[in-house]
Structure formats: structure tokens, C-alpha cells
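S.K.: What follows is a single structure, and I will ask about it in a moment.
Please treat every number below as a calculation from the coordinates, not as lab data. Since this is a predicted model, take the numbers as computed values, not measurements. Here Cβ is always computed from backbone atoms with ideal geometry, including for glycine, and neighbour counts include all displayed protein chains.
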Amino acid sequence: MLPRYIEVSAEMSPYRQRTIYEGQPELSFFQLNKDAPLQFSKSSDAGHEERRAVLLAKMNGIDKVIDANIKTVRENHFFDASALLWSARRVFARAAKRIPVDPKWDGEGLRMEIVY
């Protein structure tokens, strides 16, 4: 993944943080699960079922995404992408939360924060 991080880093600027956000699927699942952590690992069968149930309960039509069958994409990635879609919708609606609430700035002038 390091080459991808380097590519994003080269393109990212403080101005772009107005439209580009960093998310983390487990934080999105935390919110989707009524601000409670999920109980099972995302790589276990129980974790897959738990994530599926949470997504289906909160996002109408998401079954088309999580049931997609693309040979090179693992099931975990469909769940993570769906959870991040939830957060992206919240960003668009200006309802997303930020961690930390008062972020620090790095040497490039970027806020060090995650949205969910």
C-alpha cells in the first residue's frame, strides 16, 4: 500500500482538504452500530455476518454492493467500502464527525483527522 500512500501524499494539499477526507471503516461501523464497537473480527465468518446485518439495517439497497461478485475483490472490501459510503454521505450532508475534534496540523499544513 505504500506506493498508493505516496501517490496520495504527492497530490494532497491543504486546499484539497475541503473536498477530500480520510475515513476509517471501523469508525464508520462504530457509528452504524449505534456508537458501539463491533464484536467480531472483520476477517471471521461471524464478523462478516455482523457487518452485513449492520449495513442492511442502516442502508437501503446496500445488498447490491455487499453481494457483488468480483473475483479480485475480497468480501471484506465490499463491507469496508459500504461503511465508508455511509461516512461519505454524512460528509456530503455536513453531519460527519471528526476525530479529533480539534486536530493538529502536520508539516505540510494538513489537518490530521479522520471523519466518520
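S.K.: Pairs of lysines 8 or more apart, or on different chains, with alpha carbons under 25 Å: count those in the chain, would you?
M.R.: 9
S.K.: Let me ask something else. So which residue, out of I70, I20, I62, gets the largest mean-square fluctuation from a GNM of the chain using Cα contacts under 10 Å as springs?
M.R.: Residue with maximal mean-square fluctuation among I70, I20, I62: I70.
S.K.: Another question, if that's okay. Please get the size of the charge dipole for the chain, origin at its Cα centre, with Cβ charges of +1 on Lys and Arg and -1 on Asp and Glu, quoted in debye to the nearest 20.
M.R.: Details: 18 positive and 16 negative charges, 81 e Å.
Rounded to the nearest 20 debye, it is 380 debye.
S.K.: Another question about this same structure. Which value in nm describes the separation of the simple spin-label points at A88 and K58, placed 7 Å from the Cα toward the beta carbon?
M.R.: A separation of 1.6 nm, rounded to one decimal place.
S.K.: To continue, here is another question. Could you let me know the centre-to-centre spacing of segment 55-78 and segment 15-30, using Cα atoms, in angstrom?
M.R.: Centre-to-centre (Cα) distance: 19 Å.
S.K.: If you build a Gaussian network model of the chain, linking Cα atoms that sit under 10 Å apart, which residue out of V91, V73, V65 swings the most?
M.R.: Most flexible of the set in this elastic network: V73.
S.K.: Please name which of F79, M59, N69 has its Cα lying farthest along the dipole of segment 12-114 towards the positive end, using unit charges on Cβ (Lys, Arg +1; Asp, Glu -1) and the Cα centre as origin.
M.R.: After comparing all options, I get M59.
S.K.: Something else: Whole number please: convex hull volume per residue of the Cα set in segment 2-115, in Å³? Walk me through the numbers before you get to the answer.
M.R.: Values: hull volume 15.1 nm³, N = 114.
Value for segment 2-115: 132 Å³ per residue.
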